[in-house]
Amino acid sequence: MTLGTVRASTLGERRVALVPQVVSALSKKGLEVLVQSNAGREAGISDDAFREAGVRIVSETEAWESDILALVTPPSDEEIARLPSGAIVVGFMQPLDVPERIARLADQGITALAMELVPRISRAQKMDALSAMASLAGYKATLVAANRLPRFFPLLTTAAGTVRPANVTILGAGVAGLQAIATARRLGARVWGYDIREAAREEVKSLGAQFVELDLEMEDMQDEGGYAKALMAAKAEQQVELLVPHLANSDVVITTALIPGRRAPTLVSEAAVKAMKPGSVIVDLAAASGGNCVLTAPDSVTTHHDVQIIGYTNLPSTVPTDASFLYARTVSAMIGEFVEDGVFGANFEDEIFKSACVCHEGQVVHERVRSLINS
């Protein structure tokens with residue numbers, strides 16, 4: 001079987017789904033690896049580097065005709081039409097956000113594995129693309145905030161006087177939030193972290209940050225997959241109000257709260273933005289899912305009440321070399337798990353395959369995706 005990848009067609013996407021470092025392991029599985037010419041250029045990977053690893057550089061058309069296709073972003077309708085029936089596609093598919101796309105893939109006779117749906121179990125950690133990209137997003141969000149903030153992050157003592165450290169608050173202590181906390185701490189800021197999950201408290205403190213304490217009664221707010229559950233409406237409104245005085249004392253707020261398959265929860269109200277100091281910065285990592293701040297505009301930098309609000313939706317793509325390496329490792333691990341002697345085997349008895357497979361043999365097979373299509 002052939003395994004191919006193509007140059008991403010999504011505007012601003014600089015990552016590539018395969019890198020030379022993963023080719024050897026895939027070749028040992030009996031796969032011939034094909035890469036579209038210049039597919040890795042934006043990530044700093046030349047065609048020659050791929051050739052040295054044993055890749056065959058091909059045209060765009062030949063790459064799209066691969067038996068297995070590794071993608072970074074979901075295929076467009078035009079790209080789906082180019083896929084040969086029976087092909088296997090592995091990558092980010094946005095199945096809970098755009099379930100109709102999965103129906104179109106099924107109609108085309110495609111087997112699709114969505115990297116977003118990899119279960120959070122020990123055996124699947126090496127395939128956890130979401131966590132890999134979230135770590136990069138948290139890191140880069142902190143650097144973006146530091147660059148935009150009109151003051152220093154660290155304490156600075158000079159002959160001319162002492163500059164006090166910036167106050168940084170991270171809302172959401174998942175992978176992205178914890179990386180943002182660690183990065184802000186390394187830059188010398190005073191850092192607070194907040195999450196509705198009780199399990200996050202010790203993780204925040206272990207990184208040297210303070211935990212934001214709200215007078216809000218919580219039950220166990222972590223689901224079986226390790227994600228935060230959605231709050232009931234009344235508690236969600238109370239949470240937003242209780243956060244206002246703390247956010248008012250923050251120079252930087254980085255929001256990372258997401259609930260899979262749902263609109264991002266509101267954490268930062270307009271009242272909170274008004275209460276912040278002029279020149280303060282909000283980086284909203286949930287911008288692609290509606291935003292944690294009510295004033296966030298996706299892929300834009302806007303200013304409201306003298307506060308900059310940054311809604312970049314693809315920060316991992318701004319560090320494409322390392323992002324491509326990490327993403328390719330997860331994708332190759334997923335493909336390698338179900339290929340033996342050059343043959344891909346669908347295995348619905350396997351927990352990973354069953355969780356990630358969204359369509360197969362002309363049918364949408366993922367129950368949640370199917371329910372969204374039928375709703």
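The values are calculated or read from the model by the stated rules, or taken from the named source; none is laboratory data. Bear in mind the structure is a predicted one, so any value in this text is a computation, not a measurement. Ideal geometry is used to build each Cβ from the backbone, glycine not excepted, and the neighbour counts take in all protein chains shown. SASA here: full protein model, heavy atoms, side chains in, ligands and nucleic acids out. Shrake-Rupley method; radii C 1.70, N 1.55, O 1.52, S 1.80 Å.
Tabulated results
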quantity: Interchain or long-range residues, amide H under 5 Å from HIS304's placed H; calculated: ILE309
quantity: List MET334, MET232, ordered by accessible area with a 1.4 Å probe, largest first; calculated: MET232, MET334
quantity: The range 82-133: Cα Rg divided by the 2.2 N^0.38 Å rule of thumb; calculated: 1.24
quantity: Inter-part distance where the range 59-102 and the range 242-305 are each reduced to a Cα centre, Å; calculated: 33 Å
quantity: Longest segment of the chain lacking trypsin sites (Lys or Arg not before Pro) that sit in a DSSP loop with at most 16 other Cβ atoms within 10 Å; calculated: 1-119
quantity: P(r) of the chain over all Cα-Cα pairs, binned every 10 Å from zero, in whole percent; calculated: 5, 23, 30, 23, 14, 5, 1, 0
quantity: Of all accessible heavy-atom area on the range 166-305, the percent that carbon and sulfur account for (1.4 Å); calculated: 50 percent
quantity: Positive minus negative residues near MET334 (Lys, Arg vs Asp, Glu; Cβ under 11 Å); calculated: 0
quantity: Student exercise, the chain dipole from Lys, Arg, Asp, Glu Cβ charges, in Debye to nearest 20; calculated: 1260 debye
quantity: Those aspartates and glutamates that a straight Cα-Cα span of less than 19 Å connects to LYS235, excepting residues fewer than 8 apart in one chain; calculated: ASP195, GLU198, GLU213, ASP215, GLU217, GLU219, ASP220, ASP223, GLU270
quantity: Of the DSSP H helices in the chain, those whose Cα atoms cover at least 20 Å axially and whose Kyte score averages -0.5 or more; calculated: 129-148, 233-248, 320-337
quantity: Nearby aspartates and glutamates by direct alpha-carbon distance to LYS274 (threshold 20 angstrom, same-chain neighbours under 8 apart not counted); calculated: GLU237, GLU241, ASP251, ASP284, ASP306
quantity: Mean accessible surface per residue for the range 72-121, computed with a 1.4 Å probe while every protein chain stays in place, in Å²; calculated: 35 Å²
quantity: Net lengthening on full extension, VAL301/ILE259 (0.36 nm per residue, minus Cα-Cα); calculated: 12.8 nm
quantity: Those aspartates and glutamates that a straight Cα-Cα span of less than 12 Å connects to LYS28, excepting residues fewer than 8 apart in one chain; calculated: GLU340, ASP341
